[in-house]
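Below you'll find the structure, written out as structure tokens, and then a few comments.
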Amino acid sequence: MRLRNWIAVVVSVVLLIAAGAIGVLVNRSALRAADTVHRADSQALAVNNTTLSGQMQLLTAAELNELAGATTFRLTKGNASDRKALNRFVAKTNVLKYGAAITDLRGQVLNATRSTGLPAVGDPGFTRMREDLARARPGFSSLMKVDGVSIEAVAIPILRNGAPVAVLVGFMEFAKTPLQGYVATLSDNTHFTEIIDSGGRIGFSSDGSKIGTNVNPAVSTAARHATGPTFVQFTSGKTRMISIVVPGMPGGWSYVRGQSVASFEGAVHSKSQTLNLTLLAMLLIGVIGITLLGYRTQIQRRRADERFQALFQHAPDLVSVLDPTGRIAFASPSAASLLNVPLGSMQGTSVFDIIHPEDRERIQAAFAALLGERDGVRRMQARVFNGDGSYRWYEITASNKLHNRALAGVVINARDVSENRAFQERLTHEALHDALTGLPNRRRMQDALDSTLSRDAVAVLFVDLDGFKPVNDMHGHEAGDDLLRQVAERLSACVRQEDVLSRVGGDEFVVLMPGVYDQADADAMSARVAAAIEMPFLVHGNQVGIGASVGIHLAGPQEDSDLVLRAADHAMYAVKKAGGGRRAREAEPVRTGRHRAAD
């Protein structure tokens, strides 16, 4: 009997040792997988923020381009007109508030909004900016300090006949820029965010007091040599730290997001150690005998459940498992807090019930296709209902794990991307609309014209204001801008709902009338436009009068859009040449003409 007992004990110990070894290996494998997913998510977030930050920098260069395109600089040293234009620009911009200057191609200042507080011509921070300009790109300097203020310079060439003759430079104070405000919103108790120059100096930081200081040398080295997102570990004081460094921003700047190694590894590693200790305790308990195996199994199950719940309790993502019909078999505790619903209320409900009706059919189709793909993965975005009555955008990753016995379903990982999506949509809107009037710009109009011509006829009205320049010269550019906004409002009231009204140049507008074949309809619209513009305008307390030269071209389906616009422009130019819109209407209407750019 004793022998049998010892045999049972030995067998139990052997089985427990084998089970323990397997458990340790599985735990290590799961830990590696969790680390891989965590690093991938961190990298994706960093790359996305890098892209957004880079776009904000490029928008600054776009402001300078707009100034250079709208202003004819004299480019003589100390010219009062040039300085006035620079002062107006600095007063209007939200970013380059520190100052602006015009330099010659050697960097010598010809004109500037401030007489002091500008970096010396030989400041090393200008090196990268000049290299970018030499490559025909907008130039961004490294961090420079003047009188204790940390600043960055942004530059574009001023062209004459296609060749650079001077450089337009804007200066920003890092601490007072919208990008610094955006970076500050990325801070929390565990992470820090910084944007550094090629020398490792901090320009933007979630901790504003660090602006102008140097990052850890390990981070600086990684930023200089990395060709893509890179994780780097270092020690700060007695704390082990880890940062992801993403290079490639304009001017050699890099995005850095860091935290302590302990917070990065989080509960996963802590629970992994707990699991290993638990398995060791089980091995010791096995010596007591096979009679405790049943109890040990229950303890193991309970601890596994507690461990699983702890891992997902405070996870920033929504994790769930769906059955083949789309019903929720499991939802992580974080789902309740993210969606503002009672804990456990989602169990057994259909996930499609919380998808926005406009997105539901698309998500159902993707889910159906995923069911036929073993180990398939689908990524998509959709609006998800929130308990407060709103819908928020989520980035959803769905993995087919129906064949996995432990899961037996489709695993869903979802992250709230509402703020990032709103930011991207705002950038897209700004790229397709005129900043002054809010109307579609030339690019948006060209897209609409191409689309319409592919299936239908369109009447194109090219409108150029008569007498705008004298108003601009007499009352100033701000008055001119106000006049253009009022013109846009009047033209908007003239066009039909299906028409497209756009501003394509300084005082030039284009009206697209899809589906119009009849010359009389186009003439009627032209008359409405001219009549609306010839009515007096009240600009900055002064009553001013202008007119409009309107060129008309009726385009049939499949015509070339560039030729159509050119024909309308020719027609407008012919009206202009005949003395302007009012005089041309008193004579024979001019509907065709040569395009002035083709002369």
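Against the criterion of being open to solvent by 40 Å² or more (accessible area, probe 1.4 Å), out of contact with any Gly (no Cβ under 9 Å at 6 or more places or on another chain) and farther than 18 Å from residue 43 by Cα, residue 209 qualifies.
The listed residues are 507, 499, and the only one of them that is of a type outside the set (Phe, Trp, Tyr), without any contact (Cβ under 8 Å) to a residue 40 or more places away in the chain and in contact with a strand residue (DSSP E or B) (Cβ under 9 Å, 6 or more places away or on another chain) turns out to be 499.
If I filter region 448-457 for residues that are part of a helix (DSSP H, G or I), touching a residue at least 60 places away in the same chain (Cβ under 8 Å) and open to solvent by 30 Å² or more (accessible area, probe 1.4 Å), do I get at least one hit? Within region 448-457, one or more residues are part of a helix (DSSP H, G or I), touching a residue at least 60 places away in the same chain (Cβ under 8 Å) and open to solvent by 30 Å² or more (accessible area, probe 1.4 Å). Restricting attention to region 21-38 and to residues that are surrounded by fewer than 16 Cβ atoms within 10 Å (Cβ to Cβ) and in contact with a helix residue (DSSP H, G or I) (Cβ under 9 Å, 6 or more places away or on another chain), the residue that is nearest to residue 170 (Cα to Cα) turns out to be 38.
Checked against the criterion of being within 22 Å of residue 476 (Cβ to Cβ), open to solvent by less than 60 Å² (accessible area, probe 1.4 Å) and either assigned to a loop (DSSP other than H, G, I, E, B) or touching a residue at least 40 places away in the same chain (Cβ under 8 Å) (or both), region 513-525 contains not a single residue that satisfies it. Among the residues of region 315-350, what is the count of those that are touching a strand residue (DSSP E or B) at 6+ places or on another chain (Cβ under 6 Å), in a helix (DSSP H, G or I) and either farther than 15 Å from residue 395 by Cβ or open to solvent by less than 20 Å² (accessible area, probe 1.4 Å) (or both)? Result for region 315-350: 1.
Looking at the structure I just gave you, is residue 50 open to solvent by 20 Å² or more (accessible area, probe 1.4 Å) and in a helix (DSSP H, G or I)?
Details: open to solvent by 20 Å² or more (accessible area, probe 1.4 Å): no; in a helix (DSSP H, G or I): yes.
The answer is no for residue 50.
Take the residues in region 69-121 that are of a type in the set (Val, Ile, Thr) and farther than 27 Å from residue 178 by Cβ; name whichever of them is most open to solvent (accessible area, probe 1.4 Å). Here the answer is 72. Keeping to region 107-131, report how many residues are more than 28 Å from residue 81 (Cβ to Cβ) and assigned to a helix (DSSP H, G or I). Matching residues across region 107-131 total 3.
Only one residue in 532, 520, 524, 548 is in contact with a Cys (Cβ under 7 Å, 6 or more places away or on another chain) and of a type in the set (A, V, I, L, M), so which one is that? Show your work before the answer.
Details: 520 fails: in contact with a Cys (Cβ under 7 Å, 6 or more places away or on another chain); 524 fails: in contact with a Cys (Cβ under 7 Å, 6 or more places away or on another chain); 548 fails: in contact with a Cys (Cβ under 7 Å, 6 or more places away or on another chain).
Sole residue among the options that is in contact with a Cys (Cβ under 7 Å, 6 or more places away or on another chain) and of a type in the set (A, V, I, L, M): 532.
Anything in region 407-433 that is at pLDDT below 85, open to solvent by less than 30 Å² (accessible area, probe 1.4 Å) and either of a type in the set (Asp, Glu) or in contact with an Asp or Glu (Cβ under 7 Å, 6 or more places away or on another chain) (or both)? List them, or say none. Answer for region 407-433, where residues must be at pLDDT below 85, open to solvent by less than 30 Å² (accessible area, probe 1.4 Å) and either of a type in the set (Asp, Glu) or in contact with an Asp or Glu (Cβ under 7 Å, 6 or more places away or on another chain) (or both): 414, 417. Applying the criterion of being more than 15 Å from residue 507 (Cα to Cα) and of a type in the set (D, E, K, R) to the residues of region 531-582, the residue that is nearest to the chain's Cα centre (by Cα) is 562.
Which one of 510, 529 is in contact with a Ser or Thr (Cβ under 6 Å, 6 or more places away or on another chain) and either within 18 Å of residue 456 (Cα to Cα) or crowded, with 20+ Cβ neighbours inside 10 Å (or both)? Before you say what the answer is, go through the steps one by one.
Details: 529 fails: in contact with a Ser or Thr (Cβ under 6 Å, 6 or more places away or on another chain).
Every option except 510 fails the conditions.
Here residue 58 fulfils each of the conditions (1) open to solvent by 70 Å² or more (accessible area, probe 1.4 Å); (2) outside any helix (DSSP H, G or I); (3) in contact (Cβ under 8 Å) with a residue 24 or more places away in the chain apart from (2).
Listed here are the strands (runs of 3 or more DSSP E) enclosed by region 196-259 that have at least 2 residues being free of Cβ contacts under 8 Å to residues at least 40 places away in the same chain: 230-236, 239-246. Based on this model, can you work out whether residue 162 counts as over 24 Å from residue 38 (Cβ atoms) and without any contact (Cβ under 8 Å) to a residue 12 or more places away in the chain? Here the answer is yes, as residue 162 does meet what is asked.
Is one or more of the residues making up region 72-94 part of a loop (DSSP other than H, G, I, E, B) and of a type in the set (A, V, I, L, M, F, W, C)?
Of region 72-94, the ones part of a loop (DSSP other than H, G, I, E, B) are 72-79, 93-94.
Restricting the remaining residues to those that are of a type in the set (A, V, I, L, M, F, W, C) gives 73, 75.
Yes, region 72-94 contains a residue that is part of a loop (DSSP other than H, G, I, E, B) and of a type in the set (A, V, I, L, M, F, W, C).
Taken together, the residues in region 539-574 that are closer than 18 Å to residue 482 by Cβ, touching a residue at least 24 places away in the same chain (Cβ under 8 Å) and open to solvent by 70 Å² or more (accessible area, probe 1.4 Å) amount to 1.
The values are calculated or read from the model by the stated rules, or taken from the named source; none is laboratory data. Note that this is a predicted model, so its numbers are computed, not measured. Here the Cβ is made from the backbone with ideal geometry for all residues, glycine too, and neighbour counts use every protein chain on show. In case anyone asks, the SASA skips ligands and DNA or RNA and just uses the protein heavy atoms, side chains included. Shrake-Rupley method; radii C 1.70, N 1.55, O 1.52, S 1.80 Å.
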